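Step one of this worksheet: look at the structure below.
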Amino acid sequence: MLGQGSLEAYFWIGTAVMLFVIFTSLFVFVFYYYRLNKVKSEFSDELLRVSLEKEQQERRRIASGLHDSTSGTLAAAKNYVEILYNKEQDEDNKKLFELVEKALSEIMKDIQSTSAYLMPPMLETLGFMAVVKDYIGKVQELHPDIKFQEDYELQELPMATASAYELYRVMQELINNIIKHSEASQVKISLYKQSKSFVLEVIDDGKTYDFNKEAKISQGMGLKNITSRLRKIKASLKQIPNRQGNKIQIHFKSN
Amino acid sequence: MLRIAITDDHSIFRASLAALIHSFEGMEVVLEASNGKELLEKLESTKVDVLLLDIQMPIMDGFETFPKVREAYPQIKTIVLSLVNEMSAIKKMLQMGVQGYYTKNTSSKELEEAIRNIEEDGFFFEKGLNAVIQEVLEAQKSDIEEDKGIQFTERELEVIKLTAQGLKAKDIAEQLHISLSTVNNHKQNIQRKYGFESMMNAILYCVYHGVVDLDTIFIEK
């Protein structure tokens with residue numbers, strides 16, 4: 001027969017063991033949960049980096065295929081048709097050659113603008129500032145009702161092409177947003193140096209919005225893309241409160 | 001016979017362009033190269049009047065090639081023939097001093113006229129690029145220092161205007177009732193006296209400063 005005391009001792013030991021097991025497993029659970037989250041976020045960062053990189057590679061591949069190869073071959077076809085046109089005596093045939101030539105010319109234009117949208121052709125050779133100016137020039141032509149102003153403290157930006165590409169996409173996305181949603185009549189794009197970093201600033205006089213809030217709730221990928229791209233090149237976005245319209249600054253280091 | 005060189009890395013396009021030029025009267029393609037380096041090698045043994053130069057090429061692109069050609073062979077006239085219609089590229093080529101800029105989408109007639117007239121110092125651009133060229137000039141206004149303050153003589157101005165319109169020296173002489181050598185003297189003077197690298201630079205200078213109106217340049221030739 002066991003004594004009352006030893007029974008109580010077993011009870012306590014049992015309880016202690018159970019509590020130990022419970023707390024240990026709880027601890028292990030919390031610890032691993034935390035670790036898992038960390039791994040998950042590292043993983044999603046990595047995933048993001050890889051997918052942006054892949055996107056850039058693919059765009060480059062498609063754009064250069066279209067631009068260098070397809071457009072060149074089309075231009076060749078156009079040349080041959082022009083030779084036929086010049087040689088042809090029959091007026092009806094001449095007209096047909098003219099139509100073929102016109103069609104080829106239109107295809108070339110379409111391909112040009114598609115490939116330029118995918119990857120600005122001068123980014124690698126002439127750099128970020130050149131393609132920004134080209135882009136604003138084209139946008140201005142398409143949207144004469146909005147007045148685009150440019151103010152660049154620097155004529156060139158020393159920056160690796162891969163990062164310059166992401167920054168260019170961000171700028172493009174910001175301008176696209178303004179055109180689509182803000183009803184602005186004036187937009188100002190500036191680039192200047194601030195101590196050791198650079199600032200790309202886009203100001204508009206349209207409808208005011210809260211970038212961070214919109215980025216969270218927005219269904220579209222535009223604003224979310226901006227955040228992702230900036231994270232990839234370790235740049236930050238600041239929205240400066242403005243009485244009317246919006247003032248967005250991108251702060252970044254040159255490399 | 002005008003001797004033409006083609007430099008382009010797209011072999012099918014190059015062949016088509018050679019065939020096209022072959023169909024133009026009084027011109028022959030004497031040199032074909034797939035990049036700037038190859039061009040410079042071949043220029044050592046081949047005499048060329050007009051160079052049709054692509055921009056985007058491997059090994060040595062158009063931006064790198066043009067200044068080298070210009071330095072070694074200042075008599076060669078260069079027309080850029082590229083797919084690129086971006087303002088930045090046109091601006092850069094223009095500042096370097098090319099005599100013409102056309103895209104591969106140009107009509108053969110326009111290209112033929114440009115090659116034919118390029119022998120004279122002129123200002124030859126694809127009509128479709130008019131808007132972009134205007135923008136380039138606009139953008140450059142601020143880049144040019146204002147204090148150069150050149151006072152051209154009246155005759156010099158007339159020569160510049162007519163040159164800008166793409167007139168041959170012979171026609172300028174006829175129009176101004178002076179001799180051909182006088183016209184050429186004026187041209188040389190304009191470049192030497194005021195330190196312009198080419199007639200093109202003098203024309204650009206006049207356009208920036210409103211000495212010559214753009215509308216008078218882009219008239220139907």
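What follows is calculated from the coordinates using simple rules that are stated; it is not laboratory data. What you see is a predicted model; the values in this text were computed from it and never measured. Positions of Cβ are backbone-derived with ideal geometry, glycine not excepted, and every protein chain shown enters the neighbour counts.
Key figures for this structure:
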item	result
Relative intensity, log₁₀ I(q)/I(0), of chain A from a Debye sum that treats every alpha carbon as a point, q = 0.14 Å⁻¹	-1.03
Net charge, A:Ala76 excluded, C-beta distance under 12 Å - Lys, Arg +1, Asp, Glu -1	+1
Cβ charges +1 (Lys, Arg) and -1 (Asp, Glu), total dipole of chain B, debye	380
Charge tally in the Cβ shell below 13 Å around B:Ile178, where Lys, Arg are +1 and Asp, Glu are -1, B:Ile178 excluded	-2
Stretch in chain A that is longest and holds no GluC sites (Glu not before Pro) that DSSP places in a loop and that have at most 16 other beta carbons within 10 Å	A:1-87
Relative contact order of chain A, defined on C-alpha pairs under 8 angstrom at six or more residues apart (%)	14
Gyration tensor (alpha-carbon) shape descriptor, region A:138-178, a/c threshold 1.5	oblate
Range of Cα positions in region A:149-220 per principal axis (Å), largest first	34, 25, 20
Sequence-separation-based contact order of region A:126-255, relative, with Cα cut under 8 Å and 6+ spacing, percent	25
Chain B, relative contact order in percent, only Cα pairs under 8 angstrom and at least six apart counted	14
Residue-span extension gain [A:Ile217 to A:Gln149] - 0.36 nm each, minus C-alpha spacing	21.4 nm
Centre separation in Å (Cα based) which lies between region B:1-66 and region A:232-246	49
Among A:Ala16, A:Ala116, A:Ala77: highest mean-square fluctuation, GNM of chain A, C-alpha pairs under 10 Å	A:Ala16
Alpha carbon Rg of region B:1-137, scaled by the compact-globule rule 2.2 N^0.38 Å	0.95
Estimated FRET transfer efficiency (A:Lys224, B:Lys170; beta-carbon r; R0 56 Å; 0.05)	0.30
With at most 10 neighbouring Cβ atoms within 10 Å, loop GluC sites (Glu not before Pro) (DSSP) excluded, longest segment of chain B	B:45-144
Restricting region A:196-245 to trypsin sites (Lys or Arg not before Pro) in coil, as DSSP defines it, with at most 13 other Cβ within 10 Å	A:Lys196, A:Lys207, A:Lys234, A:Arg243
Gaussian network model of chain A, springs between alpha carbon atoms under 10 Å - residue of A:Tyr32, A:Tyr80, A:Tyr192 with greatest fluctuation	A:Tyr32
Net +/- balance of residues flanking B:Leu39 in space, Cβ distance below 14 Å, scoring K and R +1, D and E -1	-3
The protein assembly as shown - Debye-derived log10 I(q)/I(0), Cα point model, q = 0.08, 0.10, 0.11 Å⁻¹	-0.61, -0.88, -1.02
Förster radius 22 Å - calculated FRET efficiency between A:Thr73 and A:Glu124 (Cβ-Cβ, nearest 0.05)	0.50
Per-residue [θ]222 nm for chain A (sum of -39500 (n - 2.57) over DSSP H runs n ≥ 4, rounded to 500)	-21500 deg cm²/dmol
Gaussian network model of chain B, Cα within-10 Å springs - most flexible of B:Gln151, B:Gln134, B:Gln75	B:Gln151
Spatial extent of region A:178-245: Rg and Dmax, with the Cα atoms as the point set, Å	12.9, 37
Of B:Lys42/B:Lys91; B:Lys77/B:Lys168; A:Lys78/B:Lys92, those spanning more than 20 Å from alpha-carbon to alpha-carbon	B:Lys42/B:Lys91; A:Lys78/B:Lys92
Potential lengthening between A:Lys196 and A:Ala9 on full extension [0.36 nm per residue; Cα-Cα distance subtracted]	60.4 nm
DSSP beta bridges in the protein assembly as shown [antiparallel fraction, %, rounded to 5]	40
